[in-house]
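Laboratory data are not the source of any read-out in this text; all were calculated from the coordinates shown. A quick note: this is a predicted structure, and the numbers were derived from the prediction, not measured. Don't worry about glycine lacking a Cβ; one is built from the backbone with ideal geometry, like all the others, and counts go over all protein chains shown.
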Amino acid sequence: MSVTDWYAHKSLENGVFWIQERFYESGNRANIWLIRGSHQDVVIDTGLGLRSLPEYIYSKGLLGDDSKRKNPLLAIGTHVHFDHSGGLHQFQQVGVHKAEVDALANGDNFETVTWLSDREIVEDPAPGWRARQYRVTAVTPTHILQEGDVINLGDRQLSVLHMPGHSRGSICLHDKENKMLFSGDVVYDGSMIDWLPYSRVSDYIRSCERLVEMVDKDEIDLVMPGHFNTFGSKRLHRLASNYMASAGACHRASTCVVKSIASLALRASNSRSAC
């Protein structure tokens, strides 16, 4: 399958492109966001990495031919789970939060939660491809991100917000001027996942408190999430508030049980795949 077949994109306003992997049919299919800047372009999350994302971006002319852009395309993982980080190794410049640098550099398929089945890939990306062969390719980040960092694109800036809970290195990227939040898996229009190996309910509550505060301060108009469709500030406030209201003692107890089972299943799956 050609690269141009594997991906599809939609042009949004303000120099933002929405890219998806067409033949990965799963709730885990991540949104890939390309943001054009006057001096730096950024890709936020990279999907599975089964076909070359940079090749698609360049072949479709999504970056144009502006000679002012002297910096290589920067790929940022909102966190290192496989559905977001699988294509990071394809880029010259790679950024992730400092808490997950080692997991990415070591190709740690436990922390990257690598869990992919043949039935989710409805058209093979290459002859003979099988899901059991899939791994997140290790790559050493060139940009180690932390709370308060600002990624300068020239005519726009993205502020790094460390928002753990879903994973220990989860981040959001906030375009303050345009009131846009690229939220990764911190929040999307669905159930928040807090039962993975490095998830933590108490951290998630604090991250949700922060999101609610940002909405109350009128700092967000539009959320570009890691999965599913975009949504506005009212929906963001409701999603974050609902999580906080539900995260009581019973929720924490059940989450611990599910987390233990998921961790055992993930280790067993990766052990079998390695054989």
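One table, with the values for the structure above:
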| quantity | calculated |
| --- | --- |
| Listed residues L104, G15, Q157: farthest to the positive end of the dipole of the chain (Cβ charges) | L104 |
| Environment charge of E25, counting only residues whose C-beta is closer than 15 Å and scoring Lys/Arg +1, Asp/Glu -1 | -4 |
| Rounded to 5, the percent of DSSP beta bridges in the chain classed as antiparallel | 65 percent |
| Rounded, prolate or oblate (a/c below 1.5 giving rounded, otherwise prolate when a/b exceeds b/c) for the range 117-275 by Cα gyration tensor | oblate |
| Cα gyration tensor, the range 146-195 - rounded (a/c under 1.5), prolate or oblate | oblate |
| Which of P225, I193, N178, positive extreme of dipole for the range 157-229 (C-beta unit charges) | I193 |
| Mean separation of Cα contacts under 8 Å (6+ apart) over length of the chain, as relative contact order % | 15 percent |
| Dipole in debye (nearest 20) - the range 1-44, about Cα centre, beta carbon charges: Lys, Arg +1; Asp, Glu -1 | 40 debye |
| Surrounding net charge for D108, when Lys and Arg each add one and Asp and Glu each subtract one, Cβ distance under 11 Å | -2 |
| Percentage, to the nearest whole number, of Cα pairs in the chain over 37 Å apart | 9 percent |
| Prolate/oblate/rounded label for the range 28-142 (Cα gyration tensor, a/c 1.5) | oblate |
| Beta bridges per DSSP with both ends in the range 142-257, % antiparallel, nearest 5 | 75 percent |
| Most positive-pole-ward Cα, L239, L264, A249, against dipole of the range 200-275 from beta carbon charges | L264 |
| For the range 158-275: relative contact order, % (alpha-carbon pairs under 8 angstrom, 6 or more apart) | 25 percent |
| Cα centroid separation, the range 141-188 to the range 221-275 (Å) | 19 Å |
| Pair R252, T137: separation of 7 Å Cα→Cβ label points (nm) | 4.2 nm |
| Separation of the V150 and S52 label points, Cα + 7 Å toward Cβ, nm | 3.6 nm |
| Percentage relative contact order, the range 62-127, counting C-alpha pairs under 8 Å, at least six apart | 30 percent |
| For the chain: lysine pairs under 25 Å (alpha-carbon distance), excluding those fewer than 8 apart on one chain | 17 |
| The chain, dipole about Cα centre (Lys/Arg Cβ +1, Asp/Glu Cβ -1), debye to the nearest 20 | 440 debye |
| Antiparallel bridges, percent of DSSP beta bridges restricted to the range 25-96 (to nearest 5) | 35 percent |
| Point-charge dipole on Cβ atoms (K/R +1, D/E -1) for the range 51-150, about Cα centre, debye to 20 | 280 debye |
| Among C250, C172, C208: highest mean-square fluctuation, GNM of the chain, C-alpha pairs under 10 Å | C250 |
| Pairwise FRET efficiency - S202 versus Q157, Cβ, R0 = 30 Å, nearest 0.05 | 0.50 |
